[in-house]
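J.: After the structure tokens below, expect a handful of questions from me.
The values are calculated or read from the model by the stated rules, or taken from the named source; none is laboratory data. Fair warning: this is a prediction, and the values are worked out from it, not measured in the lab. Please note: Cβ atoms are built from the backbone with ideal geometry, for glycine as well, and neighbour counts cover all protein chains shown. Quick note on the areas: whole protein, heavy atoms, side chains included, nothing else; ligands and nucleic acids left out. Shrake-Rupley method; radii C 1.70, N 1.55, O 1.52, S 1.80 Å.
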Amino acid sequence: MLLEEKHKTIEIPLNQVVLKGNLFIPENARALVLFSHGSGSSRLSPRNNYVAGVLQHEGLATLLFDLLTEEEDRLYKTRFNIDLLTQRLIEVTEWIKTQKETKGLQLAYFGASTGAASALSAAAYFGDEIAAVVSRGGRPDLAMSELYKVTAPTLLIVGGWDKVVIVLNQKAYGNLRCERKLEIIPGATHLFEESGKLEAVAAVSAKWFTKHLQPKKS
């Protein structure tokens, strides 16, 4: 299979830790989407991998990686340390920008659950270097103080039955100053486990990214 042949398991060396990642780069990739998963999840998240597969077929490169080491992930205080997760995402972004295969690609973030907070905080840090952000069932409210700095067009996706998270996303939406959209998927709970709902998430995510990400410049 073409996708399997181009899929690479990588190690990402940072200042204090080495993180594991799965990198996929289609031929003539138009951009790279970095995934920031939620607490208790990892690069192996079946939901994020499904969305990544849809994006790959749209010509987008994807990087799913563990924000924490196995030891760190066992600790509640590190799982929910948004500042730490943001710093890891920033460091991984800086690293991927220097790699031969991905250097020069436009960059975007896909954040799920608490990972959405780190994605938006990192997008605030990088400014125009991040071309788009998508949040799935996210907690952008955990990055409320940083939201006004985000310049990347941002899509917030929430399940229609995820009432508490809808309210939190509405509050975050009001603090964003960039191009933004709140997409509520009818009949979906927090994890979009209902029939066809994750497919809907992937479809609207792909549409958002393809709208805001341009082909790679030669």
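J.: Within the stretch 114-152, work out how many residues are open to solvent by 10 Å² or more (accessible area, probe 1.4 Å) and under 10 Å from the mean Cα position of the chain (by Cα).
T.: The number of residues fulfilling the criteria is 1.
J.: Take the residues of the stretch 198-218 that are surrounded by fewer than 13 Cβ atoms within 10 Å (Cβ to Cβ) and outside any helix (DSSP H, G or I): which is modelled with the lowest pLDDT?
T.: Per the criteria, the residue is Ser218.
J.: What are the residues in the stretch 184-197 that are part of a loop (DSSP other than H, G, I, E, B) and open to solvent by less than 40 Å² (accessible area, probe 1.4 Å), if any?
T.: Gly187, Ala188, Phe192, Gly196
J.: Before we move on, is Thr93 closer than 25 Å to Asn49 by Cβ, among the hydroxyl-bearing types (Ser, Thr, Tyr), assigned to a loop (DSSP other than H, G, I, E, B) and open to solvent by less than 50 Å² (accessible area, probe 1.4 Å)?
T.: no
J.: Does Asn22 satisfy the criteria of being part of a loop (DSSP other than H, G, I, E, B) and either in contact (Cβ under 8 Å) with a residue 24 or more places away in the chain or farther than 12 Å from Tyr109 by Cβ (or both)?
T.: Spelling it out, it is not the case that Asn22 is part of a loop (DSSP other than H, G, I, E, B) and either in contact (Cβ under 8 Å) with a residue 24 or more places away in the chain or farther than 12 Å from Tyr109 by Cβ (or both).
J.: Still on this structure: Could you tell me which residue of the stretch 113-163 is nearest to Phe80 (Cα to Cα), considering only residues that are of a type in the set (S, T, N, Q) and in contact with a strand residue (DSSP E or B) (Cβ under 7 Å, 6 or more places away or on another chain)?
T.: So the residue we want is Ser118.
J.: Thr69 passes all but one of (1) open to solvent by 20 Å² or more (accessible area, probe 1.4 Å); (2) in contact with an Asp or Glu (Cβ under 7 Å, 6 or more places away or on another chain); which number fails?
T.: (2)
J.: Further question on the same structure: Tell me which residues, restricted to the stretch 152-183, are closer than 19 Å to Phe209 by Cα and not in a loop (DSSP other than H, G, I, E, B).
T.: Residues satisfying the conditions are Thr154, Leu155, Leu156, Ile157, Val158, Tyr173, Arg180, Lys181, Leu182, Glu183.
J.: Take Asn28 and tell me if it is touching a residue at least 24 places away in the same chain (Cβ under 8 Å), more than 24 Å from Glu146 (Cβ to Cβ) and open to solvent by 40 Å² or more (accessible area, probe 1.4 Å).
T.: Yes: the conditions hold for Asn28.
J.: Give the residue, chosen from Phe24, Phe80, that is among the aromatic types (Phe, Trp, Tyr) and at pLDDT 95 or above.
T.: The unique qualifying residue is Phe24.
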